[in-house]
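The structure appears right after this line, and notes come after that.
The values are calculated or read from the model by the stated rules, or taken from the named source; none is laboratory data. Given the structure is predicted, the values throughout are model-derived calculations rather than measurements. Every residue, glycine as well, gets a Cβ built from its backbone with ideal geometry; the counts of neighbours run over all protein chains shown. Accessible surface is based on the protein model in full, side chains and every heavy atom, while ligands, DNA and RNA are left aside. Shrake-Rupley method; radii C 1.70, N 1.55, O 1.52, S 1.80 Å.
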Amino acid sequence: MSTAAPGTARAYWATAPGEGEVRTEPLPAPGPDEALVRALVSGISRGTELLVRRGGVPPSQARRMRAPFQTGDFPFPVKYGYLSVGVVERGPDDWTGARVFCLHPHQDRYVVPVTALTRVPDAVPTARAVLTGPVETALNALWDAPPCAGDRVAVVGGGLIGGALALLLRRFPLSRLQVVEADPARRDRLVAAGLDAVDPDVAQGDCDLVLHASTTAPGLALALRLAGDDAQVVELSWFGSAAPQVPLGEDFHSRRLTLVGSQVGRVGAARRHRRDPAERLRVTLDLLTDPAFDLLLGAHRPFTGVVAAVEELARRPDLTGCVVLTYPEPGDPRP
């Protein structure tokens, strides 16, 4: 059962640089085209949410970086997040009882329009469904720069986004796919999943397509070096207010490289006129029927301990996978 009183909900807020708290807030009754959702799990997006937590959203991007159901304004206090999976407790008859994904912050119960919900297929376990966000980001990047049969492809950075990219790309008839990852433990997990994960020192170059997701300046420099002449480099990392150095000198121009920025806020260019975000979400959840994506799941932590979970994630870069917050079931006596 929710720890909040009837008519209220409990939600996680980032309140100051490196600080957060759980707040109790009013919960309205759902209207005719709305649903009351009880959260089952939510995922902490390490890159974006930790950047928000430390106040790293630049003022110029504050409007663009608003989450769909964000409350408050950057930098603080702000209720931010977008990886929630729950069950509809009240709403239209055809939605009641449905498991759904919603781009909602960490909150035990919430009311949203039914148009903001996407049904989770029966074949997708509840915990895996929190990966909808990172897998959607990876899918969108492949719509921004579609690979071709026989391509030599490198993914630089084997974290949540890079891992999602690699798991999608392994379905393509490529001549080579390498995940370039500096961390040995993360690299071992990727290898155990059947992926060719290598140290940056031995990564193969002359790639037709390179996707960068390491969120580091050396990673971006490496991505440019691995690209062959006339190749594309897709940048998925978001550095926030940081200003990484990008090596666009030497042979960048003579090799006629293309640097493409990919961001999930807009449907990838190759599909923008034939797909909308709602359909992209449905495609993503269908892709998540593949159990290989469980590779991207990390530790499970109770929502009641969300403050400690976020602090642990911030101080331990060695933690891999998406941290999953679990919410008490109805009748659960735990606080």
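Results, tabulated for the structure shown:
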read-out: Residues of the chain: accessible area per residue with a 1.4 Å probe, Å²; value: 45 Å²
read-out: Shape call, the range 104-262: gyration tensor on alpha carbons, a/c limit 1.5; value: prolate
read-out: Gap separating the Cα centres of the range 184-210 and the range 125-162, nearest whole Å; value: 15 Å
read-out: 20 Å tail of the calculated P(r), the range 190-335, as % of Cα pairs; value: 67 percent
read-out: All-pairs Cα distance distribution in the range 1-151, expressed in whole percent, bin size 10 Å; value: 11, 36, 34, 15, 3, 1
read-out: Within the chain, helix-based [θ] at 222 nm, where runs of 4 or more DSSP H residues each add -39,500 (n - 2.57), nearest 500; value: -6500 deg cm²/dmol
read-out: Taking the chain and dividing mean pair separation by its residue count, relative contact order in percent (alpha carbons under 8 Å, at least six apart); value: 19 percent
read-out: Surface/4 of the Cα convex hull for the range 1-79, nm²; value: 6.1 nm²
read-out: Extended-chain gain in nm, criterion 0.36 nm per residue less alpha-carbon gap, ALA278 and ASP73; value: 71.3 nm
read-out: Percent of beta bridges antiparallel (DSSP, the chain, rounded to nearest 5); value: 60 percent
read-out: Unit charges at the beta carbon, dipole of the range 113-213: most positive-side option, GLY163, PRO147, THR118; value: THR118
read-out: Phi-based couplings in Hz for the range 315-329 (Karplus 6.51, -1.76, 1.60; Gly and Pro marked x); value: 9, 10, x, 6, 5, 10, x, 7, 6, 9, 8, 10, 10, x, 7
read-out: Taking the convex hull of Cα positions in the range 119-170, its mean projected area over all directions (nm²); value: 4.4 nm²
read-out: Estimated D of the range 267-328 in µm² per second, where Rh is the Kirkwood radius over Cα pairs and Stokes-Einstein applies at 20 °C, 1.002 mPa s; value: 151 µm²/s
read-out: Overall form of the range 246-298 per C-alpha gyration tensor (a/c, 1.5; a/b vs b/c); value: oblate
read-out: For the chain, fraction of C-alpha pairs farther apart than 30 Å, in %; value: 35 percent
read-out: Amide hydrogen neighbours beyond the local backbone of ARG54, cut-off 5 Å, H modeled; value: GLY18
read-out: Mean separation of Cα contacts under 8 Å (6+ apart) over length of the range 232-297, as relative contact order %; value: 32 percent
read-out: Accessible area of the chain belonging to carbon and sulfur atoms, whole % at 1.4 Å probe; value: 52 percent
